[in-house]
Amino acid sequence: MSTVVLIGTQWGDEGKGKVTDFLAERADMIVRYQGGNNAGHTVVVDDQVYKLHLIPSGILYQNKMCVIGSGVVIDPAVLINELKSLEARGIDTANLKISQRAHVIFPYHQRLDQAEEKSKGNNKIGTTCRGIGPAYMDKAARVGIRMIDLIDQDEFAPLLERNVANANRVLTRVYDNENVDYNTVLESYRGYAEILRKYVDDISVIVNKAINEGKSILCEGAQGTLLDLDHGTYPYVTSSHPTAGAACLGAGIGPAKIDRVIGVAKAYTTRVGEGPFPTELKDETGAYIQERGGEIGTTTGRPRRCGWFDGVMGRYAVRINGLHCLAVTKLDVLSGLEKVKICTSYNYRGDILDEFPASLKVLNECVPVYEEFSGWREDITSAKKLEDLPVNARRYLDRVSELAGAPIALIGVGSKRSQTILTAEL
Ligand code: IMP
C-alpha cells in the first residue's frame with residue numbers, strides 16, 4: 001500500500017501514459033494533479049489506441065477511482081468529449097471524480113492564448129493554444145472560475161459576466177481582436193455544468209480517506225520537469241508545476257503521505273514548442289529518431305524536436321523531484337543506430353557545467369559534452385527481461401542511470417503494455 005507520484009523528467013511526452021497505465025493496474029486510485037488538455041497520453045491496450053488529455057488513463061481499468069485534482073485546469077467541452085468517446089467504446093466512466101477547486105478554461109482563455117502568442121512574434125513560446133496559461137493567470141489573479149462555481153447556478157453568471165467583460169477589453173483594445181459573446185458562453189457552459197455536476201466532489205477528502213484505508217494511490221503528473229513554471233526553462237515552460245511537489249497541492253494531501261517518486265525518461269530527448277534544447281539533433285539521426293519514435297505531438301500534431309539523452313537534465317530531474325527511480329521508455333527506438341551518444345555535462349565558454357543553468361543565455365551557449373557508445377542492431381521489442389537486451393543497450397542504460405543518479409526500475413521496449421521490462425521494485 002503506498003502513494004506513488006509519477007512525473008516526466010524531460011520536456012513532456014516521455015511516455016508517462018504507458019507507465020501510468022502499467023502502474024495503474026496495481027493502484028486503487030489514479031490522480032491527475034496539474035496541467036490541462038495541453039497534455040496528451042496515448043495508451044495502447046489490446047491493439048486499441050486511446051488518446052486521453054484530461055482523464056487519467058487508469059479509467060481504462062474497471063473499478064479504479066480516477067480523480068482530476070485541484071491543480072488541473074479543465075476545458076469542459078474537451079472533458080465531455082473524452083467522456084463520450086470512452087463511453088462509446090464501452091469504458092465505464094462512473095468512477096471519475098473532479099475537484100470542486102479545479103479551475104475552468106473558457107473560450108476567452110483560448111483566444112487570449114492565441115493572441116498573446118501571435119503578439120510575441122519570434123519570441124513566441126509555442127504554446128498549445130488551449131488557453132492553459134491564461135486560465136492559470138486568472139487563478140493567480142484570484143478571478144478564476146472553479147468547478148464549484150460553474151455548477152452553482154447563482155454564482156456562475158455574474159462571475160462569467162465580469163470575466164468576459166474583462167477579457168473582451170484586453171482582446172479588443174490590446175490585441176485588436178473580436179469580442180467573445182457572453183450569452184453564447186453562458187448557455188454552453190450551463191449545459192456543460194449539468195453534464196459534469198455528478199462528478200464534482202471534494203477530492204482531498206476522497207484521496208485522504210483512501211490513503212487512510214491503506215489503498216494504493218498513483219498521482220500522475222502531466223508535461224515534464226523542464227516545463228515546470230519554477231524549475232523549467234523559463235519562460236519556455238507551461239503555467240503549472242509538473243514536478244513532484246505539486247502532487248500534494250493537486251491531490252490535497254500532505255508531503256508526508258508520499259512514499260515514492262518515479263521519473264519517466266525517454267531513452268533520448270524530445271521537445272515540442274520553442275525554447276533551448278542543448279542536445280537537439282537537426283540532422284538525419286534526429287530525423288531517424290523522430291520517424292521511428294513516431295514523435296508527433298498527441299495534442300497539437302506538431303513534430304517533436306529530437307535529440308540525445310541529456311544526463312545533466314536527468315540529474316536535475318532526480319534532484320528537483322527527489323526521484324527514487326527512473327522508468328526509461330522507448331529504448332527500442334534507438335535500435336539500428338551505429339553509434340549512440342549521451343550528454344554528460346555542458347561546455348560553457350570553456351567551463352564544464354555539471355548542473356542545469358537557470359540562465360537561458362547561458363543554456364543557449366552550452367555545448368553538450370558527449371560520451372559515445374556502440375549502438376545495437378537487434379530488434380528488442382520482444383525482450384522480456386534485462387538479459388534479453390543486447391549488451392550495448394545494457395551498457396547504455398547503465399550509463400543513463402549512473403549519470404542521472406537513480407536506478408532504472410522499468411524499461412519500455414514498445415508501446416504495448418506487454419512490452420515492458422521490470423528491473424527493480426517500482
Ligand atoms: P502551454 O502549456 O500550452 O501553455 O504551452 C507551453 C509550453 O509547454 C509549449 O512549449 C508547449 O509545447 C509545452 N507543452 C505543454 N503541454 C505539453 C505536453 O503535454 N507535452 C509536451 N509539451 C507540452
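Numbers below:
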{"item": "Candidates Asp75, Asp13 - the one that is outside the structural domain of Lys139 (by TED's automatic domain parsing), open to solvent by less than 20 Å² (accessible area, probe 1.4 Å) and charged (D, E, K, R)", "result": "Asp75"}
{"item": "Residue selected from segment 212-231 under the condition small (Gly, Ala, Ser) and buried (at least 24 other Cβ atoms within 10 Å of the Cβ), by the criterion farthest from the ligand (Cβ to nearest atom)", "result": "Gly221"}
{"item": "Val264 more than 15 Å from the ligand (Cβ to nearest atom), in contact (Cβ under 8 Å) with a residue 60 or more places away in the chain, open to solvent by less than 30 Å² (accessible area, probe 1.4 Å) and within 17 Å of the chain's Cα centre (by Cα)", "result": "no"}
{"item": "Criterion: surrounded by fewer than 19 Cβ atoms within 10 Å (Cβ to Cβ) and either modelled with pLDDT of 95 or more or over 18 Å from the mean Cα position of the chain (by Cα) (or both) - qualifying residue of Arg292, Arg315", "result": "Arg292"}
{"item": "Residues (among the small types (Gly, Ala, Ser) and within 16 Å of the ligand (Cβ to nearest atom)) located in segment 286-331", "result": "Gly293, Gly294, Gly297, Gly301, Gly307, Ala317"}
{"item": "Out of Ala409, Ala404, Ala393, sole residue that is touching a residue at least 40 places away in the same chain (Cβ under 8 Å), closer than 22 Å to Asp354 by Cβ and surrounded by 16 or more Cβ atoms within 10 Å (Cβ to Cβ)", "result": "Ala404"}
{"item": "Meets criteria (under 17 Å from Thr3 (Cβ atoms), among the small types (Gly, Ala, Ser) and in contact with a Leu (Cβ under 8 Å, 6 or more places away or on another chain)) for Gly36", "result": "no"}
{"item": "Exclusive hit being open to solvent by less than 50 Å² (accessible area, probe 1.4 Å) and farther than 22 Å from Val31 by Cα, set Val143, Val207", "result": "Val143"}
{"item": "From the options Asn183, Asn168, residue that is surrounded by 14 or more Cβ atoms within 10 Å (Cβ to Cβ) and either outside the structural domain of Leu54 (by TED's automatic domain parsing) or not acidic (Asp, Glu) (or both)", "result": "Asn168"}
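The values are calculated or read from the model by the stated rules, or taken from the named source; none is laboratory data. Because the structure is a prediction, the values reported are computed rather than measured. Note that we place each Cβ from the backbone using ideal geometry, even for glycine, and neighbour counts take in every protein chain shown. Surface areas here come from the heavy atoms of the whole protein model, side chains and all, with no ligands, DNA or RNA. Shrake-Rupley method; radii C 1.70, N 1.55, O 1.52, S 1.80 Å.
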